[in-house]
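Worksheet: one structure, shown below.
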Amino acid sequence: MEENHTFFDEEREELIEEWPIQNIAKFGRNLVGSEIRYYLEFQEYPNSLETGFASVYNVSGWDETDAKEAFSMKNIQYSYGGNGTIRTIKNCEFFPGIKVSKEQRECLGVKVCEFASKELDVGHTSVDFSIPHFKKMFEADVEFHKQATIWQAHEYQCGHINNGIKCTGKPKLGEFTQIISSISSKRKFIGCTNWKMGELDHRYMIIPDNVDLKLLETMFNEYSYHANGIDFERDESNVIDECFMVRPNSTRSDTCPFLHKTGNHIVKGIINKKAEPCPVKFYHIIPEDLKNCPFIVTISVGIHNHPPPLPRKTPYNIKNQLQKIIDNEHILDLTARKLLTGIL
């Protein structure tokens, strides 16, 4: 992309930033947005209103394929479902005379621990991560990934078989050198204590990037593992009363990493989907001719009846541009604008 596109002109940027908040826009017979805002960057947590909130993205200057990927609904942080039906609308009132495609999805909410804090019993129409209980949610998420890695390491059976006898080796931390685009880096993994050169199917697990390696190493060296995850002699002091564990609806894990007390028993909580389905619906509208109508719209209708899920997806354009940076070592004039919009 060239920097002389109107989209990147300073006066044009100022104009976009000063676009007023509009009221009432029709996107279909029964689809209305009572508030419309214009953006240059994708909103991972699009605002929502019971009467409809429209996030309109100006994609002037973008390659059409890249724009559709970067501003795709799959990049929102909410789990969503529905049949994914895409309809063609010949005359959308917001884009008069322009043929557009409309996709409808439903928010699937989140999963929370059965001992969830009452602070999590809230709905929202926008996301502000400066709110105190979000800090507790992030801390709980870090603990979850740390504990989950330990559980998986011990409960995942080593697959090596020698003369009909299964391997009984224990998990251990290992290290290998990874080379990407001529750049080498050290990576940790979880292997098997019985592994020998040339043997196949031993335990091998890559450690997720969001796990604190030093803390994980300490846990391997200093903590004993218990099959049910609880050391009743030591863990009573670690019991918490209010849990801030929030997981995306799509997660397969169903055990909370924190210990809770019910009566005289110490238990691990079960992570369940909230009983009431989230009423929010997402609508994604893309003009067929983005070159002459360079706007993509997400309309969110309803009020989320759950806390927001924590970030877990890296936006497409960020991943794409970071890869270009890795491939091109001579970018000396990189700015945040160039990273987000793809001018490298």
Kindly check whether there is at least one residue in segment 19-28 that is within 23 Å of the chain's Cα centre (by Cα), of a type outside the set (D, E) and assigned to a loop (DSSP other than H, G, I, E, B).
no
Going residue by residue through segment 41-57, is there one that turns out to be modelled with pLDDT under 90, crowded, with 19+ Cβ neighbours inside 10 Å and not assigned by TED's automatic domain parsing to the domain that holds H124?
no
Being over 16 Å from the mean Cα position of the chain (by Cα) and in the same structural domain as K26 (by TED's automatic domain parsing) is the requirement here; does S101 meet it?
yes
Please determine whether any residue of segment 150-169 is modelled with pLDDT under 75 and closer than 20 Å to I240 by Cβ.
yes
Positions within segment 228-287 being modelled with pLDDT under 80, of a type in the set (S, T, N, Q) and surrounded by 13 or more Cβ atoms within 10 Å (Cβ to Cβ), in sequence order
S250, T251, S253, T255
For segment 173-201, how many residues meet the condition of being charged (D, E, K, R), within 11 Å of C158 (Cβ to Cβ) and in contact with a strand residue (DSSP E or B) (Cβ under 6 Å, 6 or more places away or on another chain)?
0
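The values are calculated or read from the model by the stated rules, or taken from the named source; none is laboratory data. In this text the structure is predicted, and so the values were computed from the model without any measurement. Glycine also receives a Cβ, built like all others from the backbone with ideal geometry; neighbour counts cover every protein chain displayed.
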